[in-house]
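> Okay, here's the structure, questions in a sec.
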Amino acid sequence: MKVVVVGAGIAGLAAAWDLQRAGDREVTVLESERRAGGVIVTEQVGEFIVEGGPDGFLAGEPELPALAEELGIGDRVVDQRARGTALWTGKELAPMEEGRAATLLGIEAKSGEVAAGFRSFVEGMSQPVVALSQRLGGGVGALRFAQGVAGLTRRGDGWRIAITGGSAHEANGIVLALPAYAAGRLLESVGVTHARVLAEVVYGPSITVSLAYRAEQIAGALNGAGFVLAPDVVGARHVVPLQIRACTYASQKFPGRAPDGHVLLRAYLALGDGDPAKAAHAQLAAILAIRGEPLWSRAFYWTRGLPRYPAQHRQRVAEVRHRLSRLPPIAIAGAGYDGAGVSACVRSGRAAARLIAQLTPR
């Protein structure tokens, strides 16, 4: 039996891992980009560990630690060190209650879940992505990059998957681990009525900027894990064209993110005109009393980042999945359907793998 997973984000990789371990299936992962991980991006700059996307997962969620154990990297999970988030009022950094920061940033999480803290990996959030890629890359079918899917066609009890550039794959089952808008287009092309509703999941644009400093450059106190800006401050008019919404003290939040005597900050900005690194530094310098320029900075642009779900999202996804049950084996997985967090994506991918495994018996 041949199964194709479209998309090598963490949801697709988790689905492929489970399908491969189930045995007697040739599992191929197709990824349009030249790397795996999707929004999970970790870079090493000297002794600094820089996260371009999510920097952790909720400590109370078991999915990533369980996956890490299976991959042999269970001992590489690390706990959050600095706790607490402040609120920048425009004049001062004031304490705020647990969970409110997540609410202001549009992150769906209960205050109790946030209060339990976050966890990450020694080498950053890409560590499980790397481990999965290495194991999948050595299997039959394997992990193939620069393989964008142009279309789907039913072929008897299975599928034909057209690849941009002219090649194609035959499959007995498919996992579409794609953003909702991309999956919706493909599903509509094979007659899944109302699949276009998936395009109503809006992926918000954002920029993250990491900036490195020597510790003595920062005169302000770095208490807790970071700060967020009060809504009225975010909406105010500033002299810079881009404005930060929040800042994480990355080198305090998790261990090993910066060498001794240095500080790594990560700012979150909305898309706009201008140089985000300069804008982030100028605003952080004013809030945290930073002297001099950063040692370096790194900006990551997400034109389609964190998904925002419309009303009745779960019902709509359930209806689409019901229609998929009438087709040859096919499943959807990822942040656009079952939750935007990394743990939710792993959970979604594994659920899709179970379904396809049931529908494609060995």
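> Helix 342-359: angle to the longest alpha-carbon principal axis of the chain, degrees 0 to 90, nearest 10?
Helix 342-359 sits roughly 0 degrees off the main axis of the chain.
> Now for a separate question. For R160 and S325, calculate 0.36 nm times their separation in residues minus their Cα-Cα distance, and state this gained length in nm to one decimal.
Full extension from R160 to S325 adds 57.6 nm.
> Moving to a separate point now. Pairing the Cα long axis of helix 276-288 with the longest principal axis of the chain, what angle in degrees results, from 0 to 90 and rounded to the nearest 10?
40
> Here is a further query. How many nm separate the modelled label positions at E26 and T153, each set 7 Å beyond the Cα in the direction of the Cβ?
Simple spin-label model gives 1.9 nm for this pair.
> With label points built 7 Å along Cα→Cβ from the Cα atoms of R314 and K91, find their separation and express it in nm.
About 4.3 nm, to one decimal.
> Then there is this: Taking the solvent-accessible surface of protein heavy atoms with a 1.4 Å probe, what is the per residue accessible area of the chain in Å²?
I get 45 Å² per residue for the chain.
> Further, regarding this structure: Angle, helix 127-137 long axis vs. longest principal axis of the chain, Cα atoms, 0 to 90°, nearest 10?
20
> Sticking with this structure for a sec: Using a Cα-Cα cut-off of under 15 Å, which aspartates and glutamates could be cross-linked to K2, ignoring same-chain neighbours fewer than 8 residues away?
List returned: D18, D24, E26, D157, E170.
> To the nearest µm²/s, what D does Stokes-Einstein give for the range 17-160 at 20 °C and 1.002 mPa s, using the Kirkwood radius over alpha carbon pairs as Rh?
Answer, rounded: 118 µm²/s.
> With N residues in the range 226-362, what two-decimal value do you get for its Cα radius of gyration over 2.2 N^0.38 Å?
Against the compact-globule rule of thumb, the ratio is 1.48.
> How much length is gained if the chain between E170 and A199 is pulled fully straight, taking 0.36 nm per residue apart and subtracting their Cα-Cα distance, in nm to one decimal?
7.8 nm
> What FRET efficiency, computed as 1/(1 + (r/R0)^6) with R0 = 30 Å and r the Cβ-Cβ distance, is obtained for E47 and L271, rounded to the nearest 0.05?
0.50
> Going Cα to Cα from K91, which aspartates and glutamates come in below 16 Å? Please leave out same-chain ones fewer than 8 positions away.
D232
> I would also like to ask the following. How much length, in nm to one decimal, is gained on full extension between R214 and F145, taken as 0.36 nm per residue of separation minus their Cα-Cα distance?
21.0 nm
> At q = 0.10, 0.12, 0.13, 0.15 Å⁻¹, what is the base-10 log of I(q)/I(0) for the chain according to the Debye formula with one equal point scatterer per Cα and no solvent? Please give it to two decimals.
-0.65, -0.90, -1.02, -1.26
> Which whole-Hz couplings ³J(HN,Hα) result when phi for each residue of the range 248-261 is put into the Karplus expression 6.51 cos²θ - 1.76 cosθ + 1.60, θ = phi - 60°, listed in order with x for Gly and Pro?
Running phi through 6.51 cos²θ - 1.76 cosθ + 1.60 with θ = phi - 60° gives 10, 7, 4, 6, 9, 5, 10, x, x, 7, 8, x, 4, x Hz.
The values are calculated or read from the model by the stated rules, or taken from the named source; none is laboratory data. Everything numeric here is computed off the predicted structure, so don't read it as measured data. Here the Cβ is made from the backbone with ideal geometry for all residues, glycine too, and neighbour counts use every protein chain on show. Accessible surface is based on the protein model in full, side chains and every heavy atom, while ligands, DNA and RNA are left aside. Shrake-Rupley method; radii C 1.70, N 1.55, O 1.52, S 1.80 Å.
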